[in-house]
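The values are calculated or read from the model by the stated rules, or taken from the named source; none is laboratory data. Every value quoted in this text rests on a predicted model; they were computed, and no experiment measured them. When we count neighbours, we look across all protein chains shown, and the Cβ atoms used for this are built from the backbone with ideal geometry, even at glycine. Just the protein is used for accessible areas: all its heavy atoms, side chains included, with ligands, DNA and RNA removed. Shrake-Rupley method; radii C 1.70, N 1.55, O 1.52, S 1.80 Å.
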Amino acid sequence: MLAKRIIPCLDVRDGKVVKGINFVGIKEVGDPVECAAEYNDQGADEICFLDITATHEGRKTMVDVVRRTAQRVFVPLTVGGGISSVDDFRELLRSGADKVSVNSAAVRNPNLIKEAAEIFGSQCVVVAIDAKKKGDSWTVVVNGGRIDMNIDAIEWAQKAEELGAGEILLTSMDTDGMKQGFDIELLNAVCDKVKIPVIASGGCGTLQHFSDVFKETKASAALAASLFHYKELTVSEVKQHLKDNDIPVRNF
């Protein structure tokens, strides 16, 4: 079994880390560079920034955040939010991002995945999929789960891989924020159909949830946000727990 990755995710707006519930009551809670540096010190394998402003002005600010963070941390940086063109990829990668995550823009223009992979390499292209249970399957949703795109999530993951995505960031909208555990059923459905790495996202609330997702699915990484940000757990604690459960992790 390959070493499993632990990835803290930070929501960034206007150059500040923010937190809210379902995009309501959003408050500034820290400096992204300092937060990223702390996670780096804790042993994070990667760090993910999500630009929730996603306007042109917001992009300029985000580029600066990425540039400053890349000077401070020594783990891969993934940046997502409002990415809609190859030029957006280029700007963020030049600023120090290692990977760029695309979500709704890729759904609306799948060719963006192919173009980005051909220019920058598949290893730079992460396709984020927000999935929601619909009958016996899952559908792709955007806008925080509010808009159903009527696309089968499993088929979309397969298509993203075919187009050149190097990784899938899979968020279950049914478990997200519930802290009752990752969506094992959804993860298995996707992991069984693609060969590229799948990052589990949405629903983690305890140490046990981390070991469960790696024991019960083929997910290669687990992502969490508020759990780390509010210091309910540290990356080091998660990795020690995984190590104690004979799940391989990278040094920390």
### Task
May I ask you to derive the relative contact order of the range 104-188, considering only C-alpha pairs under 8 Å and at least 6 residues apart, and to give it as an integer percent?
31 percent
### Query
For residue 164, what charge total do you get from the other residues with a beta carbon under 12 Å from its beta carbon, if Lys and Arg give +1 and Asp and Glu give -1?
-3
### Summary
Given Cβ charges of +1 for Lys and Arg and -1 for Asp and Glu, the option among 53, 142, 105 whose Cα lies farthest towards the positive end of the dipole of the range 1-151 is 142
### Task
Would you compute, from DSSP H runs of 4+ residues alone, the mean residue ellipticity of the chain at 222 nm, taking -39500 (n - 2.57) per run and dividing by the full residue count, rounded to the nearest 500?
-10500 deg cm²/dmol
### Task
Enter the Cα centre distance for the pair the range 65-92 and the range 207-252, rounded to the nearest angstrom.
24 Å
### Query
Just in the range 150-234: which GluC sites (Glu not before Pro) are loop by DSSP and have at most 15 other Cβ atoms within 10 Å?
232
### Summary
the range 60-138 accessible area per residue, 1.4 Å probe, protein heavy atoms, integer Å², reads 44 Å²
### Message
Test of understanding: in a Gaussian network model of the chain with alpha carbons linked when under 10 Å, which of 81, 145, 166 would top the mean-square fluctuation ranking?
### Response
145
### Task
Using the structure shown, select from 99/218; 99/132; 16/193; 195/231 the pairs with a Cα to Cα distance greater than 30 angstrom.
16/193; 195/231
### Message
Just to be sure I understand, if you calculate Cα extents along the principal axes in Å for this structure, which of [x] 47, 42, 34; [y] 44, 40, 36; [z] 63, 34, 33 do you get?
### Response
[y]
### Message
Rounded to the nearest 5, what % of DSSP beta bridges with both residues in the chain are antiparallel?
### Response
30 percent
### Summary
the range 145-221 accessible area per residue, 1.4 Å probe, protein heavy atoms, integer Å², reads 44 Å²
### Query
Are there trypsin sites (Lys or Arg not before Pro) in the range 98-160 that DSSP puts in a loop and that have at most 11 other Cβ atoms within 10 Å, and which ones?
146
### Query
In whole percent, how big is the carbon plus sulfur part of the accessible area of the chain, probe 1.4 Å, protein atoms only?
47 percent
### Query
Nearest-5 percent of antiparallel DSSP beta bridges in the range 26-172?
30 percent
## Note on the structure
Largest fluctuation, 101, 137, 122 only, Gaussian network model of the chain with Cα springs under 10 angstrom, belongs to 137
### For the chain, built as a Gaussian network whose Cα springs stay under 10 Å, the top-fluctuating residue of 142, 17, 100
142
